[in-house]
1. Give the residues of segment 188-223 that are over 23 Å from residue 89 (Cα atoms) and of a type in the set (Val, Ile, Thr), sorted by residue number.
2. Just to check your reading of the model, which residue among 194, 189 is in a helix (DSSP H, G or I), free of Cβ contacts under 8 Å to residues at least 40 places away in the same chain and open to solvent by 50 Å² or more (accessible area, probe 1.4 Å)?
3. Does residue 140 qualify as being farther than 21 Å from residue 34 by Cβ and under 17 Å from the mean Cα position of the chain (by Cα)?
4. What is the residue count in segment 76-88 for residues that are of a type outside the set (Phe, Trp, Tyr) and crowded, with 21+ Cβ neighbours inside 10 Å?
5. Evaluate the following for residue 180: is it within 24 Å of residue 250 (Cα to Cα) and surrounded by fewer than 18 Cβ atoms within 10 Å (Cβ to Cβ)?
6. Within the bounds of segment 111-121, is there any residue that is open to solvent by 40 Å² or more (accessible area, probe 1.4 Å), over 15 Å from residue 163 (Cα atoms) and touching a residue at least 60 places away in the same chain (Cβ under 8 Å)?
7. Within segment 122-159, can you find the residues that are free of Cβ contacts under 8 Å to residues at least 12 places away in the same chain and open to solvent by less than 50 Å² (accessible area, probe 1.4 Å)?
8. Mind listing just one residue for me: the one in segment 201-242 that is aromatic (Phe, Trp, Tyr) and open to solvent by less than 40 Å² (accessible area, probe 1.4 Å) and, of those, nearest to residue 131 (Cα to Cα)?
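The values are calculated or read from the model by the stated rules, or taken from the named source; none is laboratory data. What you are looking at is a predicted structure, and each value in this text was computed from that prediction instead of being measured. Methodologically, a virtual Cβ is constructed for each residue, glycine included, from the backbone with ideal geometry; neighbour enumeration extends over all protein chains shown. To get the accessible areas, we keep the full protein, side chains included, count just its heavy atoms, and leave off ligands, DNA and RNA. Shrake-Rupley method; radii C 1.70, N 1.55, O 1.52, S 1.80 Å.
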Amino acid sequence: MDPKGVLLVAALLSLAVYTGETPLQTEAWVGYDRDAGIIVFMKVAAACCGFGLIVQTLWLTFVNKSLLSANNFVQLCLSLLFCYNWVWLIFNGSPTPLSIGFQSGACAGYELYSTISEVKMYITGEQKRVDMLLHHGLCILFTAATLYIYPRVATADLYYWHLVWDSISRTLVSNFALNLRYFVTSVPFATNAFFAWTFLWVRWVEQFTFTRILVNSPFDIKDHITWVVVAGWVGLTVLNLYWGIAVLKIGLGMKKPEKQKSTKSE
């Protein structure tokens, strides 16, 4: 195996010895003002999706005609919100400056924008990722469910809704490192290693904590729609496991990474 591959795999496997506790926002999961929260959710979701579509249009007009590169840039920018909240949580603890309503709204706006872009790329043939369409589809399910019934869902169930949105917010942190690779191409090993470590940290290691909390909860769920939300979150977790295995295989030299497309002007 290439020495760099050995170094990368060693760094990835070091995650297995992590014994600390993932910083959580559990006090924000209960007693949250849902009426104010849903308004924040809708405003932030609309703002993030609108920002993404505007920036994408500007990119396609003035930079190049690659929808994929435009999408990479937009997602890089939007993911900074989740990075900011995550870094704050690590160093300062909870509560964070961004409320659960803001975080979930940002997730919803990010996923709505990404769904639109993914469908456009699928139609044009620039990128056809069924797994990504499934991922975004599950996130849109959470968004639709939140808009439809969150203001009326049983108070006891809110704990599960907030756990799911908190979990999704963490996973989107890795998308900063993912998209950074397309613009910082001079040190590919460093950017790929940064992405691999970030991905496995927020989508594997930290998710173990959420999974443990969910498994140990009493499951005193009142509304059927909450079961749908929890089941959808399980589906996302399975997808993250699948993608994480692919990352490990690349690190082990068992699978070749996908060729990164150029973002230079055409």
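1. 191, 215, 221
2. Every option except 194 fails the conditions.
3. Working: farther than 21 Å from residue 34 by Cβ: no; under 17 Å from the mean Cα position of the chain (by Cα): yes.
So residue 140 does not fit the description; no.
4. Residues of segment 76-88 that are of a type outside the set (Phe, Trp, Tyr), as a first pass: 76-81, 83, 85, 87.
Subset that is crowded, with 21+ Cβ neighbours inside 10 Å: 78-79, 81, 85.
Number satisfying all stated conditions: 4.
5. Working: within 24 Å of residue 250 (Cα to Cα): yes; surrounded by fewer than 18 Cβ atoms within 10 Å (Cβ to Cβ): yes.
Answer is yes for this residue.
6. Taking segment 111-121 as the starting set, the residues that turn out to be open to solvent by 40 Å² or more (accessible area, probe 1.4 Å) are 112, 116, 119-120.
Next, only the ones that are over 15 Å from residue 163 (Cα atoms) stay: 112, 116, 119-120.
After this cut, where a residue has to be touching a residue at least 60 places away in the same chain (Cβ under 8 Å) as well, the list is 112, 116.
For segment 111-121, residues open to solvent by 40 Å² or more (accessible area, probe 1.4 Å), over 15 Å from residue 163 (Cα atoms) and touching a residue at least 60 places away in the same chain (Cβ under 8 Å): present.
7. Residues of segment 122-159 free of Cβ contacts under 8 Å to residues at least 12 places away in the same chain: 122-123, 125, 128-130, 144, 152, 155.
Of everything in segment 122-159, just one residue is free of Cβ contacts under 8 Å to residues at least 12 places away in the same chain and open to solvent by less than 50 Å² (accessible area, probe 1.4 Å), namely 125.
8. Filtering segment 201-242 for residues aromatic (Phe, Trp, Tyr) gives 201, 204, 208, 210, 219, 227, 233, 242.
Restricting the remaining residues to those that are open to solvent by less than 40 Å² (accessible area, probe 1.4 Å) gives 210, 233.
Values: 210: 23, 233: 15 Å.
Restricting to residues being aromatic (Phe, Trp, Tyr) and open to solvent by less than 40 Å² (accessible area, probe 1.4 Å), the top hit is 233.
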